[in-house]
Amino acid sequence: MNFDLKTLDLAAAASEKCDLLIVLLPDGFKPGKDALSALAAHALKNGDLTTKAGKHLQMYQVPAVAARRVVLLGQGDGSARATRQALQAVGAALKAPQTKRAVLCFAAASVQAAVASAAVQAVAEATYVYTATKTKAEARSLTRCIVGVPDAPEVRADFDAGVALVAGVEFAREWGNRPANHATPSLLAAAAKTLGKLPRIQCKVHGPAEVARLGMGAFLAVARGSEEPLRFIELRYNGAPKDKAPVVLVGKGITFDTGGISIKPAPEMDEMKFDMCGAASVLGTFRALGELQPAINVVGLIPACENMPDGRSVKPGDVVTSMSGQTIEILNTDAEGRLVLCDALTYAARFKPAAVVDIATLTGACVIALGGVRSGLFANNDDLAAALQQAGESAQDPCWRMPLDDDYADGLKSNFADMGNVAGRAGGSITAAKFLQKYVGDMPWAHLDIAGTAWKGGAAKGATGRPVGLLVNYLLDQAKVSPAIKPAVSKRSPRAKTA
Ligand code: BES
Ligand code: MN
Ligand code: ZN
């Protein structure tokens, strides 16, 4: 799908030929002398429409309007949040098979830059369709979407960032949604390799032999029970001078989590194909970086494997040695995410990072604590926590900070190893974070538990692409305070095209 930005007032919007014209009307809308203004003013006056976000009125073949269908849409207070909410309400019209070309036109006198970006994301979100393993699925019908604002140059940068973010979010959704037999560790690594074709991005993939050489005993223990060989994916984005400390992103890449010998109950086990959504968010973030080319260095690390029960599987009570040298008594093989992450966190130290952020569908307990609205945020550094929290708010991809008191680590004590891999049921998302913290030393570190936010269950079952918005926003904020290097010219950045 192509997004275009244009300077358009309502008079000009009326002559845009398209299948669907959406006119966004904010609170206090001031009608002009054009036909669409008159129509909106009339509907508002008669009470057939209000400017409350999401309220709308659809019309067909309106005289003096080139669009076949027109939707007058309340935009509330005109904020990014209200705009997204409004566009969600007309998602069905945007997704309809007969909607191939759409025009969004803002009736406000001025539009905040963040609103243009939010609109692009909302349209993409509403029209995404999963097709990879369906033979009769219709592809996304919307092929072109024009966003009309009073002053295009003013919002251009944010609009472009929004388009890049859409490419990243859709990459993450796509890989999150693929069934585990279509998204094995090897296939995930192949997807990462395709990102290595983008400017300033490199990708290295390590196999089982190399991971064994590195001494990643915890990661190896999880992978043991599967026929699918593990992959350790290492991505680099170099947008700043070499001596600039990178941000390292670590994504949990369990391509299917049966629980292993501590096997999970059958209901909803299919949803454990989403247990690589942390990894998918790292891939999606790199996809967006490839587009945006910010002045920053980023490393992406993905430990990818399946967690399966088998004759070779690791067993409850087994003790393994992690890359850090610390030993772990694996009391529950279903607490596998922290096992693959701890070795990746140890590996992360070699980059002398400015910050390490791991992203993981780590605990059911986090879903109980925060539901599907906010991701869990844990951090050993207040500045990093504040920056991530802020990035989440402005991306409408919010998180909430959770505590890390040392007392929470008490339950991880083991009689047979340096630590157990589980504590009791109480505070399960926090004790998981305390386990990870044993592997980060004094690096500034944050952990995002996305178990509740990475996908939706029920009728709308599917990956959300979260927290790509939060991560990209955070990285762009970091780039603002870091010196630029010459733009890359060797590889051309492909134009943002989604699905
Ligand atoms: N991938 C799961 C966490 C999960 C469960 C995410 C349900 C979303 C929905 C993780 O590997 C896991 O199984 N965690 C266990 C930990 C427990 C054994 C300490 C859990 O949360 O039950
Ligand atoms: Mn598990
Ligand atoms: Zn898991």
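The values are calculated or read from the model by the stated rules, or taken from the named source; none is laboratory data. Note that the structure is predicted; figures quoted are calculated from it, not measured. All Cβ positions, even for glycine, are placed from backbone atoms using ideal geometry, and neighbour counts span all protein chains on display. When the accessible area is computed, the model is the full protein with side chains, heavy atoms only, and any ligands, DNA or RNA have been set aside. Shrake-Rupley method; radii C 1.70, N 1.55, O 1.52, S 1.80 Å.
Listing for the model above:
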read-out: Two-site label geometry, Glu138 and Ala41: point separation in nm, points 7 Å out along Cα→Cβ; value: 3.8
read-out: Mean separation of Cα contacts under 8 Å, 6 or more apart, over the residue count of region 1-59: relative contact order %; value: 26
read-out: Accessible area of region 1-58 belonging to carbon and sulfur atoms, whole % at 1.4 Å probe; value: 52
read-out: Percent antiparallel among DSSP beta bridges (both partners in the chain, rounded to 5); value: 40
read-out: Surface per residue (accessible, 1.4 Å probe) for the chain, Å²; value: 41
read-out: Probe 1.4 Å - accessible area at Tyr60, Å² to nearest ten; value: 140
read-out: The chain - charge dipole about Cα centre, Lys and Arg +1 at Cβ, Asp and Glu -1, debye rounded to 20; value: 1700
read-out: Among Leu249, Leu384, Ala53 - extreme Cα towards positive end, dipole of the chain, charges at beta-carbon; value: Ala53
read-out: Region 1-130, dipole about Cα centre (Lys/Arg Cβ +1, Asp/Glu Cβ -1), debye to the nearest 20; value: 180
read-out: Neighbour-limited loop hits for trypsin sites (Lys or Arg not before Pro), region 181-216 (at most 16 other Cβ within 10 Å; DSSP other than H, G, I, E, B); value: Lys197
read-out: Crossing angle, helix 468-480 versus the chain [Cα axis fit, 0-90 degrees, rounded to tens]; value: 90
read-out: Accessible area, probe 1.4 Å, largest first, for residues Lys45, Lys252; value: Lys45, Lys252
read-out: Dipole of the chain, positive direction: furthest Cα of Ile302, Met1, Gly162, with charges on the beta-carbon; value: Met1
read-out: Neighbour-limited loop hits for GluC sites (Glu not before Pro), region 214-302 (at most 14 other Cβ within 10 Å; DSSP other than H, G, I, E, B); value: Glu227, Glu268
read-out: The chain, relative contact order in percent, only Cα pairs under 8 angstrom and at least six apart counted; value: 15
read-out: Principal-axis tilt of helix 35-45 within the chain, Cα atoms, nearest 10 degrees; value: 80
read-out: Percentage relative contact order, region 385-440, counting C-alpha pairs under 8 Å, at least six apart; value: 27
read-out: Average projection area in nm² (convex hull over Cα atoms of the chain, one quarter of hull surface); value: 23.8
read-out: Sites Asp4 and Asn415, calculated FRET efficiency, Cβ-Cβ separation with R0 51 Å, nearest 0.05; value: 0.20
read-out: Region 172-479, accessible surface, carbon-and-sulfur percent (1.4 angstrom probe); value: 52
read-out: Dipole of region 172-479 [Lys/Arg +1, Asp/Glu -1 at C-beta], most positive-end residue of Pro229, Ala423, Leu362; value: Pro229
